[in-house]
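Okay, so here's the structure we're looking at.
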Amino acid sequence: MIALSAKDIAAVVGGELEGDGSVTVEGAAGLDEASEREISFFHNTKYIESLQKTRARVVLIPKQTNGTPLPEGKTLIRVDNAQWAFAQVLGLIDQQKQHHPKGIHPKAHVEETAVVGAGTIIYPGCYIGHNVRIGEKCLLYPNVVLREDTQIGSRVIIQAGAVLGADGYGFATQNGRHHKIPQIGRVVIEDDVEIGANVTIDRATTGETRVGAGTKIDNLVHIAHNVRVGRDCLIVAQVGISGSTKVGNRVTLAGQVGITGHLTIGDGAVIAAQSGVMNDVEPGAVLFGTPVRPIKQAMKLEAIYGKLEELYETVKQLRKKLL
Amino acid sequence: MIALSAKDIAAVVGGELEGDGSVTVEGAAGLDEASEREISFFHNTKYIESLQKTRARVVLIPKQTNGTPLPEGKTLIRVDNAQWAFAQVLGLIDQQKQHHPKGIHPKAHVEETAVVGAGTIIYPGCYIGHNVRIGEKCLLYPNVVLREDTQIGSRVIIQAGAVLGADGYGFATQNGRHHKIPQIGRVVIEDDVEIGANVTIDRATTGETRVGAGTKIDNLVHIAHNVRVGRDCLIVAQVGISGSTKVGNRVTLAGQVGITGHLTIGDGAVIAAQSGVMNDVEPGAVLFGTPVRPIKQAMKLEAIYGKLEELYETVKQLRKKLL
Amino acid sequence: MIALSAKDIAAVVGGELEGDGSVTVEGAAGLDEASEREISFFHNTKYIESLQKTRARVVLIPKQTNGTPLPEGKTLIRVDNAQWAFAQVLGLIDQQKQHHPKGIHPKAHVEETAVVGAGTIIYPGCYIGHNVRIGEKCLLYPNVVLREDTQIGSRVIIQAGAVLGADGYGFATQNGRHHKIPQIGRVVIEDDVEIGANVTIDRATTGETRVGAGTKIDNLVHIAHNVRVGRDCLIVAQVGISGSTKVGNRVTLAGQVGITGHLTIGDGAVIAAQSGVMNDVEPGAVLFGTPVRPIKQAMKLEAIYGKLEELYETVKQLRKKLL
């Protein structure tokens, strides 16, 4: 059973207590969902009503609440950033809840030539192939597959069912038959990357497929052979990146985006959901559509598209009159 | 070897026999594909020719055939709904064919704190985490992952490779670095849900990600943290639903649809394939496109889009003449 | 450690040696990435500069180089097709690197009634169900699932996490409830097919879901029940093909394409990335868009779409003047 006192929580998040510090919570939730045994947080004035009604016993609130009416009988913890403090509290609870295996679970299969760093946890059903290198304090959930030669940095989290190092999709076509081009390269995942459930990241034909430090990849994403993804990117669910494309640093690819092969996506670019990228993208560009356009233009065109019927009728009338 | 007599089949589907009831079948197939040892069904007059030519020894046909010429030398079974009766026959054959493990297969990994209901079958390679609850008569195919705290109702079918309860995709970004927000919520699957192969349903940040009773989810679908899906929905392959979105009851999401986060999709809405939903959807709406529009409007706009070249040329001529 | 001599390589690829044949290489890479210990290839004059600067010790080059300045101090191997010869060299290296299990790994689960051909390799974590038939010299990477009755030809490669034979998505809806239609058919994969990581290919309702000889399927593709895919097709990542659709021979479906059910896609058709196919496709057609149009028309319409703002303004002016 989890039990965290308001006083202890305040100490961890560096907050100031208002009210009874001995009160304990057993969990955390949003203002509307929280029970009396949970902690919640208030970070936006549009949730004032929820703040008034919440059953949460302890609430994280901003240092400055500028006259926002505060609920009575609660323990409040004043912090700089209530959302961030809440994330820290989730971490506290998570630590108490965790039931990870100790190190490598005996039902994982790790080849003898693989090297696994200290503090790394590997769940049942994982396959760690020949000559794989895994850094320290990684977390591999069940049924993750790391094919031979894959290199994983430290503090990398890989959700269940992800497959790293499968053969890239490379064939030489002769007389209509497709002959496999052996894929002898590898996958390299840098430090602090997170990889979602059932993601696939293919090994390079030669050389590397690489994901840069701090990049976070959502579920069911496909990253093809020889792709290079930079640092601190966000790659949302079901995105597909074709072979040899280079994605810069701090790029955001929203859900279901597709990117053609051999392109360069500049640092800080943002591609909106379901877009299709067929050309290089400038750093900092914010794009939408298939094919992509600057998002403001894409939205304007989309609005006019919605008036196409009216436009068509007008032109018909004009034509009748004139041509 | 399967052997079902026409007489027994007629009894199960509540049909009336015409012809030799002692004839047996070993399988079932469509009218065109069926062999002499199989049963088939006729439910639509556009297949009259197939009905005449079928090799099937036994055929399920509607009670009223309104003068449709019937093939000779067959055993016919008259029923109210031939398609539905055929599904029941498939069930009979399926029962005879089944080779499920008895209960929990020893090569599945079930944590000690997990509780598995009576009659539930768990195939090899499955991972059932700490504090998971599974109801009665569920069927988990190979390599399914249920992370800690996941709750599954009764009569739930989960196809191979599905991952329930992976961490939601939640990060707090500070100075360009993405810090993990621990995901301490859970996944709840209600009774009679079916979940396709390699589907991913993420645990909630706090609280629940929930799929309502009777909902059927196809392969490779992604359901993000804190999503709530209602009862009796159909969610077709490769759909993606972003975080905290609420999908009503009896909603149909066709293949590859994407839905933005924090939206509400009304009861009975139908979203056509590959559409992108960026705003709330009214109950009963039938929508198409990226972004979605009412399907009739979307189709009309699409038709005019196809004439855009002609429209452009006309305007060019008009302009020349006038401006 | 791998060590291949230029002389041996020349013999294998049927090339003519220029320079020191005793030089050995330990790997292979592109001209720009290769180290001194690697072999590379030159096949296109736009890479002349890379050819001049490459550190590769051995380079495969075309027999005819038409005056292209060649780098000094290298061992060159003259061949008809440098790219194809390079693929052969990758095969040589791959053979020396391989660490496959011998036959069926003891941590794979193979039902007693399954039959596995000679020379077939099955990695840990695979599930081979009742009555499965697998041909000779197949390669099943970790955590592949072949449900009961699946039939696999010879020389088939299945990447990790793929699921073949999961139940098709078939339900009969009565009074708003969806009742499962048992799926008693099977999956048949012909010779020389390759199937990507985390792909799903569903068993047929009755009869077969079939993938023709030589077809290559990329990661995270979904193939529904009763689909028939022809020979020598290329099906790129994240494509979805709905139930009962027939795909001809030598068809290319680019990434994220979606195809509606019960359609026929003609031989040799090419569907560009992210397209949505809602109608039958003629043999040899090259299509793009949602819904698809001939690619030239689609591109032209797309170009005019980009001018929609200008068009709209012009029509507004014309209207003002005239109506």
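Across identical copies of the chain, A:GLY119 has label-point separations of 4.9, 4.9 nm, listed in ascending order, with the point defined 7 angstrom from Cα along Cα→Cβ.
Rounded to the nearest 20, the size of the Cβ-charge dipole of the range C:4-97 about its Cα centre is 80 debye, with Lys and Arg at +1 and Asp and Glu at -1. For the range B:121-200, the list of GluC sites (Glu not before Pro) that fall in a loop by DSSP and count at most 16 other C-beta atoms within 10 angstrom reads B:GLU136.
Would you work out which of C:GLY268, C:VAL145, C:ILE122 lies farthest towards the positive end of the dipole of the range C:109-291, given +1 charges on the beta-carbon of Lys and Arg and -1 on that of Asp and Glu, about the Cα centre? Farthest towards the positive end: C:VAL145.
Charged side chains reduced to their Cβ positions (Lys and Arg at +1, Asp and Glu at -1) give chain B a dipole of some 1040 debye around its Cα centre. Under the criterion of Cα pairs below 8 Å and six or more residues apart, the relative contact order for the range B:144-189 equals 44 percent. Once backbone amide H atoms are built at 1.01 Å from N, A:ILE265 has A:LYS246, A:VAL247, A:GLY248, A:VAL281 as its partners under 5 Å, excluding neighbours fewer than 5 places away on the same chain. Packing, as the average of other Cβ atoms within 10 Å across residues, places the peptides C:237-243, A:158-164 in the order A:158-164, C:237-243, highest first.
Taking only the alpha-carbon positions of chain A and ignoring solvent, what does the Debye formula give for the base-10 log of I(q)/I(0) at q = 0.12 Å⁻¹? Those come out to -0.96, one per q. Averaged over peptide A:199-209, the number of partner chain Cβ atoms lying within 10 Å of each residue's Cβ comes to 5. Rounded to the nearest Hz, the phi-derived 3J(HN,Hα) couplings of the range A:293-305 under the Karplus curve 6.51 cos²θ - 1.76 cosθ + 1.60 (θ = phi - 60°) are 9, x, 4, 5, 5, 4, 5, 5, 4, 4, 5, 5, 3, where x marks glycine and proline.
Here the Karplus curve 6.51 cos²θ - 1.76 cosθ + 1.60, taken at θ = phi - 60°, turns the phi angles of the range C:233-249 into couplings of 7, 10, 10, 7, 3, 6, 5, x, 10, 7, x, 6, 6, 10, 9, x, 8 Hz, with x standing for Gly and Pro. Using a Gaussian network model of chain C in which every pair of alpha carbons under 10 angstrom is joined by a spring, one finds that among C:ASN226, C:ASN131, C:ASN81 the greatest mean-square fluctuation is at C:ASN81.
Taken about its Cα centre, the range C:91-216 carries a charge dipole of about 220 debye when Lys and Arg each add +1 at the Cβ and Asp and Glu each add -1 at the Cβ. Label point 7 Å out from A:GLU49 along Cα-to-Cβ: which residues of the range A:58-89 have amide N under 16 Å? Under 16 Å, as judged by backbone N against the label point of A:GLU49, lie A:69 of the range A:58-89.
Need one number: % antiparallel among DSSP beta bridges in chain C, to the nearest 5. Approximately 15 percent, going by the DSSP bridge assignments.
Here B:ALA118 and B:MET1 are evaluated by their C-beta separation; at R0 = 35 Å the FRET efficiency comes out at 0.70. Listed cross-link partners A:LYS102/B:LYS107; A:LYS107/B:LYS107; A:LYS316/B:LYS321; B:LYS107/C:LYS107; A:LYS316/B:LYS300; B:LYS300/C:LYS307 are compared with a 18 Å cut-off, the Cα-Cα value being larger for A:LYS102/B:LYS107; B:LYS300/C:LYS307. Using a 7 Å projection from Cα along Cα-to-Cβ, the label point at C:THR173 is separated from the same position in the remaining copies by 3.9, 3.9 nm, smallest value first. Peptide C:97-108 is shielded by partner chain Cβ atoms: per residue, an average of 3 of them sit within 10 Å of its Cβ. Over chain B, Cα pairs under 8 Å with separation of 6+ residues give a relative contact order of 7 percent. Distance from the Cα centroid of the range B:8-33 to that of the range A:203-252 is 55 Å (rounded to whole angstrom).
Per residue and in cubic angstrom, what volume does the convex hull of the Cα atoms of the protein assembly as shown have? Normalising the Cα hull of the protein assembly as shown by residue number yields 202 Å³. Take each residue of peptide C:215-228, count the partner chain Cβ atoms within 10 Å of its Cβ, and average: the result is 5.
Using a 7 Å projection from Cα along Cα-to-Cβ, the label point at C:LYS300 is separated from the same position in the remaining copies by 2.7, 2.7 nm, smallest value first.
Here, each number is a calculation from the coordinates, and none is a lab measurement. What you are looking at is a predicted structure, and each value in this text was computed from that prediction instead of being measured. Neighbour counts run over all protein chains shown; Cβ positions are idealised from the backbone, glycine included.
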